[in-house]
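Participant: Have a look at this one.
The values are calculated or read from the model by the stated rules, or taken from the named source; none is laboratory data. Quick caveat: nothing in here was measured; it's all calculated off a predicted structure. No Cβ is skipped: glycine too gets one built from the backbone with ideal geometry, and neighbour counts run over all protein chains shown.
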Amino acid sequence: MRLFCLEVKRVLKSRRTLILLAVALVLSVGMAYLPIAFESINRPNPDGTKTELDGMEAIEFKRDLYSAINGEVTAEKVSEALKTYQSLIKEYGPIESDTFPVAVSVKQIVPIRPLLKALPELYADPLTGAGADLMDINPEDVAKNYYQKCETHLADVMRNEQRNYPTAQQQAIDRYAKVDMPFQLHAGYSKDAFDYIELYIMILAILCVSITAPVFSGEYQSGADNILRCTKHGRTKLAVTKILASCTIFAITFIVCITLHLLISNLAFGIDCLQSSIQMLFSIINLPNWNLLQTQIIVSLAGLLSVLACVCCTLFLSARCKDALTVLLISITIVFIPTFAYTALGVNWISAIFPSAGLGMQNNFLYQLINFDYLHISRASFWTPYITLISAVIEIPVFLFLTVRTYCRHQM
């Protein structure tokens, strides 16, 4: 324990480490604030003018507008919202036109938009996927077949995306059958806020591997390792202690920073918004049976696994390479490889099994959850979020073992 405490102290005493940890803490606040700042809406005034609201003012104003629709998403409620929308369009014309009154748009259209958002998708062309126009959808059909249409639409999507893999199609249908219906809607939370969670997790991974890079290689460079290796607790015990100290620091840093980030975001948008089903924020046919709070927790835990996998990979490289700069460059490249692979090749094994597979832009764990990406071995199909999590769980102990073995066999 004394050796562990000394190693933690040694890492934290580094000026470089303190700066990077401070950056992580500041960014947790800054990146939580950005989606809040981007919120805006025009509030109509009694004299016919309008006032543009931004940030918290816009969020609070929208929260009041959405209060009437919050609760269970019943087919009847969606049907009534569609009738209201169609009657207003027939009376005033297209919403995009200059003739459409701002007051009507804000007070009558904005509150029902979260209920109508899924309809163009549900009534999309089953062959082309082109979304339907709200004016062409029959409200009576919505009242009768809303949730049945969800199941039909999922089958159409899976048939189009996984045409040659009936196993993947059936897996998605079976998983969707376990989703609780009717959905819950507490409108107001921003999609952008989820994107910033994933972006922040990726930045945390880069900061953590930057701190990790010199753990072993830095002492190779300075020559301190030549002395430490000859001590009573050198080699295996020293390597294990360094690993435990590094992983502990980064796990605590991640938990503190992501908790602060989520706390700011959730308090701003409203805790009640987190009761919404994930299907009401993203796609109506998303497969997870979670609300937004559960989604945040799962995404954060998956992010922690990915960050730890990247850290463990960096520890192995640090034990392997003789200078910290080489370790840093290789580690950061590894962080970005799944993003590059996904951009160039689409869904593939490289973007799913690398230590950083849960990080990135369009390939991050959140997007894996809300998409319908499967990888295949012969006739067997595997949903990519499962592959990402299992890969990270396997890679962490494997890289730790390789780190200890490599360090013990390192030649001075």
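So that you can scan it fast, the table gives a plain yes or no per residue for (1) touching a helix residue (DSSP H, G or I) at 6+ places or on another chain (Cβ under 8 Å); (2) closer than 18 Å to Ile201 by Cβ:
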residue	(1), (2)
Leu287	yes, no
Ile297	no, yes
Val307	yes, yes
Cys313	yes, yes
Ser331	yes, yes
Gln368	yes, yes
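Participant: Still on this model: In the range 387-400, is there at least one residue being under 30 Å from Ser217 (Cα atoms), in contact (Cβ under 8 Å) with a residue 12 or more places away in the chain, in contact with a Ser or Thr (Cβ under 6 Å, 6 or more places away or on another chain) and among the charged types (D, E, K, R)?
Facilitator: So far as the range 387-400 goes, no, none of its residues is under 30 Å from Ser217 (Cα atoms), in contact (Cβ under 8 Å) with a residue 12 or more places away in the chain, in contact with a Ser or Thr (Cβ under 6 Å, 6 or more places away or on another chain) and among the charged types (D, E, K, R).
Participant: Now, a different point. Does the range 376-391 hold any residues that are surrounded by fewer than 19 Cβ atoms within 10 Å (Cβ to Cβ) and not in a helix (DSSP H, G or I), and which are they?
Facilitator: Correct list: His376, Ile377, Ser378, Arg379, Ala380, Ser381, Phe382.
Participant: Consider Asn363 against the criteria (1) under 21 Å from Ile330 (Cβ atoms); (2) assigned to a helix (DSSP H, G or I); (3) not β-branched (Val, Ile, Thr): it satisfies all of them except one. Which criterion is unmet?
Facilitator: (2)
Participant: Hey, another quick one. Are any of the residues in the range 65-87 among the acidic types (Asp, Glu) and loosely packed, with under 15 Cβ neighbours inside 10 Å?
Facilitator: Among the residues of the range 65-87, at least one is among the acidic types (Asp, Glu) and loosely packed, with under 15 Cβ neighbours inside 10 Å, which makes the answer yes.
Participant: Oh, and also: Step by step: first the residues of the range 129-149, then only those that are in a helix (DSSP H, G or I), within 32 Å of the chain's Cα centre (by Cα) and not aromatic (Phe, Trp, Tyr), then the one that is farthest from Leu88 (Cα to Cα). Which residue is that?
Facilitator: Taking the range 129-149 as the starting set, the residues that turn out to be in a helix (DSSP H, G or I) are 134-136, 139-149.
Retained after the next criterion (residues that are within 32 Å of the chain's Cα centre (by Cα)): 134, 142, 145-149.
Imposing the further condition that a residue be not aromatic (Phe, Trp, Tyr) reduces the set to 134, 142, 145, 148-149.
Details: Leu134: 12, Val142: 18, Asn145: 24, Gln148: 27, Lys149: 25 Å.
The extreme case among them is Gln148.
Participant: Just a yes or no: is a residue in the range 249-266 under 30 Å from Tyr146 (Cα atoms), among the aliphatic types (A, V, I, L, M), surrounded by 15 or more Cβ atoms within 10 Å (Cβ to Cβ) and modelled with pLDDT of 90 or more?
Facilitator: no
Participant: Any residue in the range 92-114 that's in the same structural domain as Gly48 (by TED's automatic domain parsing): show its pairings with residues that are surrounded by fewer than 14 Cβ atoms within 10 Å (Cβ to Cβ) and of a type in the set (S, T, N, Q) at Cβ separation under 6 Å, as long as the two are six or more apart or on different chains.
Facilitator: Gly93/Thr99
Participant: In the range 363-404, how many are out of contact with any Cys (no Cβ under 9 Å at 6 or more places or on another chain) and either of a type in the set (Phe, Trp, Tyr) or not assigned by TED's automatic domain parsing to the domain that holds Ser283 (or both)?
Facilitator: Going through the range 363-404 one residue at a time, the tally reaches 8.
Participant: Contact list please: Cβ distance under 7 Å, first residue in the range 242-266 and assigned by TED's automatic domain parsing to the domain that holds Ile211, second residue of a type in the set (D, E, K, R) and in a helix (DSSP H, G or I), pairs at least six apart or on different chains.
Facilitator: From the range 242-266, the pairs are Lys242/Glu7; Ala245/Glu7.
Participant: Please tell me if Leu185 is surrounded by 19 or more Cβ atoms within 10 Å (Cβ to Cβ), at pLDDT 90 or above, under 22 Å from Val23 (Cα atoms) and in contact with a Leu (Cβ under 8 Å, 6 or more places away or on another chain).
Facilitator: Numbers: surrounded by 19 or more Cβ atoms within 10 Å (Cβ to Cβ): yes; at pLDDT 90 or above: yes; under 22 Å from Val23 (Cα atoms): no; in contact with a Leu (Cβ under 8 Å, 6 or more places away or on another chain): yes.
It is false that Leu185 is surrounded by 19 or more Cβ atoms within 10 Å (Cβ to Cβ), at pLDDT 90 or above, under 22 Å from Val23 (Cα atoms) and in contact with a Leu (Cβ under 8 Å, 6 or more places away or on another chain).
Participant: Need pairs with beta-carbon distance below 7 Å; first residue surrounded by fewer than 19 Cβ atoms within 10 Å (Cβ to Cβ) and within the range 154-170, second outside any loop (DSSP other than H, G, I, E, B); sequence gap 6+ or separate chains.
Facilitator: Correct list of pairs: Ala155/Ile173; Arg159/Gln169; Tyr165/Tyr374; Tyr165/His376; Tyr165/Ser381; Thr167/Ala380; Thr167/Ser381.
Participant: Output the number of the condition that Pro94 fails; it satisfies all remaining conditions of (1) surrounded by 14 or more Cβ atoms within 10 Å (Cβ to Cβ); (2) of a type outside the set (Gly, Ala, Ser); (3) under 30 Å from Thr51 (Cα atoms); (4) out of contact with any helix residue (DSSP H, G or I) (no Cβ under 8 Å at 6 or more places or on another chain).
Facilitator: Checking Pro94 against (1) surrounded by 14 or more Cβ atoms within 10 Å (Cβ to Cβ); (2) of a type outside the set (Gly, Ala, Ser); (3) under 30 Å from Thr51 (Cα atoms); (4) out of contact with any helix residue (DSSP H, G or I) (no Cβ under 8 Å at 6 or more places or on another chain), the one that fails is (1).
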